[in-house]
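Have a look at the structure below before the remarks.
The values are calculated or read from the model by the stated rules, or taken from the named source; none is laboratory data. For clarity, every value in this text was computed on a predicted model and none was experimentally measured. With ideal geometry, Cβ positions are generated from the backbone for all residues, glycine too; neighbour counts draw on all protein chains shown. Accessible surface areas use protein heavy atoms only, side chains included; no ligands, DNA or RNA. Shrake-Rupley method; radii C 1.70, N 1.55, O 1.52, S 1.80 Å.
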Amino acid sequence: DTEVTQTPKHLVMGMTNKKSLKCEQHMGHRAMYWYKQKAKKPPELMFVYSYEKLSINESVPSRFSPECPNSSLLNLHLHALQPEDSALYLCASSQEATHGGELFFGEGSRLTVL
Amino acid sequence: RKEVEQDPGPFNVPEGATVAFNCTYSNSASQSFFWYRQDCRKEPKLLMSVYSSGNEDGRFTAQLNRASQYISLLIRDSKLSDSATYLCVVTPNTGNQFYFGTGTSLTVIP
């Protein structure tokens, strides 16, 4: 059982839709991440939140908008996506960096953009 | 230069074989090292952390060589269920930065 919960597991959307991906963890982790993963590639970092503040944005297009409402929740708002944005979107959490802990991943949200 | 280099394979081995994967990392300040396993269309899951002294968990042995800046994973007596992609992950323990290798695909053949 994963301790990072993501919803929805699957999402199909058109290029004009607005949707959101949600992630929740109750491990007391203060760092939360969004990764994008394409088939046969490693996860690619999009955003990192540390203590509820955005600390890393890997030059992600503005059609992806992250939000961290509190220390347990992380959202990814999607708007005007392109078909090439179809991928597995993984949320992860970890202890703060200096503690040296590992990443815990959710099961992912598989997104298809038509 | 990539932070982490990993042979993508694929590795196709018979059941019962021993197989080894290596990753090299470029940042000498790296502090924590991990092997993750990822099954097809699933999320990565931690297989093992890697310690300087080396560590073993059943058929799996992980080693770290700081001088040469590489980590390794040895799988003994391969099982069909070991078929997956194995990702090495390295972090300097600062800035919440985790660096991924490209992943090595393993298929264990009956």
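Annotations for the structure displayed:
- The stretch A:5-26 versus the stretch A:55-102: alpha-carbon centroid distance in Å: 11
- Percent carbon-and-sulfur accessible area, chain B, ignoring ligands, DNA and RNA, probe 1.4 Å: 48
- Counted charge near residue A:79, where neighbours are those whose Cβ lies closer than 10 Å (Asp, Glu -1; Lys, Arg +1): +3
- Using the 1.4 Å probe convention, the accessible area of chain A works out to 49 Å² per residue with neighbouring protein chains retained.
- Ordered by solvent-accessible area of protein heavy atoms (1.4 Å probe), largest first, the residues A:13, A:27 come out as A:27, A:13.
- Entry comment: accessible area of the stretch B:1-93 is 49 Å² per residue, from protein heavy atoms only and a probe of 1.4 Å.
- FRET E, pair residue A:10, residue A:51, Förster distance 35 Å, beta-carbon r, rounded to 0.05: 0.65
- Filter on B:42/B:79; A:38/B:45; A:18/A:38; A:36/B:45; A:9/A:40; A:18/A:41 - keep pairs with C-alpha separation over 24 Å: A:18/A:41
- Residue A:40-residue B:77 pseudo-label distance in nm [points 7 Å out on the Cα-to-Cβ vector]: 3.4
- R0 of 30 Å, Cβ-Cβ distance residue B:94-residue A:84: FRET efficiency to nearest 0.05: 0.40
- Of the residues B:37, B:59, B:76, the one that moves most in a GNM of chain B with alpha-carbon contacts below 10 Å is B:59.
- Counting only heavy atoms of the protein chains and using a 1.4 Å probe, residue B:109 has close to 70 Å² of accessible surface.
- Split the accessible area of the stretch A:51-110 by element, probe 1.4 Å, and carbon with sulfur accounts for 46%.
- If R0 equals 30 Å, the separation of the Cβ atoms of residue A:18 and residue A:110 corresponds to a calculated FRET efficiency of about 0.95.
- In the stretch B:86-102, the residues whose accessible area drops by at least 50 square angstrom when the other protein chains are added to the isolated chain are B:93, B:96, B:98, B:100; the probe is 1.4 Å and only protein heavy atoms count.
- In this assembly, the A-B interface accounts for approximately 1700 Å² of buried accessible surface in total, computed with a 1.4 Å probe and without ligands, DNA or RNA.
- Relative contact order (%) - chain A, alpha-carbon pairs under 8 angstrom, separation at least six: 37
- The loop-placed chymotrypsin sites (Phe, Trp or Tyr not before Pro) in the stretch B:1-92, going by DSSP, that have at most 14 neighbouring Cβ atoms within 10 Å of their Cβ come out as B:51.
- Choice from B:15, B:43, B:56 showing the highest fluctuation, given a GNM over chain B with Cα pairs closer than 10 Å: B:43
- Mean partner shielding of peptide A:55-62, defined as the number of other chain Cβ atoms within 10 Å of each residue Cβ, is 1.
- A simple charge model with +1 on the Cβ of Lys and Arg, -1 on the Cβ of Asp and Glu and nothing else charged puts the dipole of the protein assembly as shown at about 480 debye relative to its Cα centre.
- Inter-chain shielding of A:38-49 (mean C-beta neighbours from other protein chains, 10 Å cut-off): 4
- Evaluating 6.51 cos²θ - 1.76 cosθ + 1.60 at θ = phi - 60° for every residue in the stretch B:5-17, the Karplus couplings come out as 10, 9, 5, x, x, x, 9, 10, 10, x, 3, x, 6 Hz, glycine and proline recorded as x.
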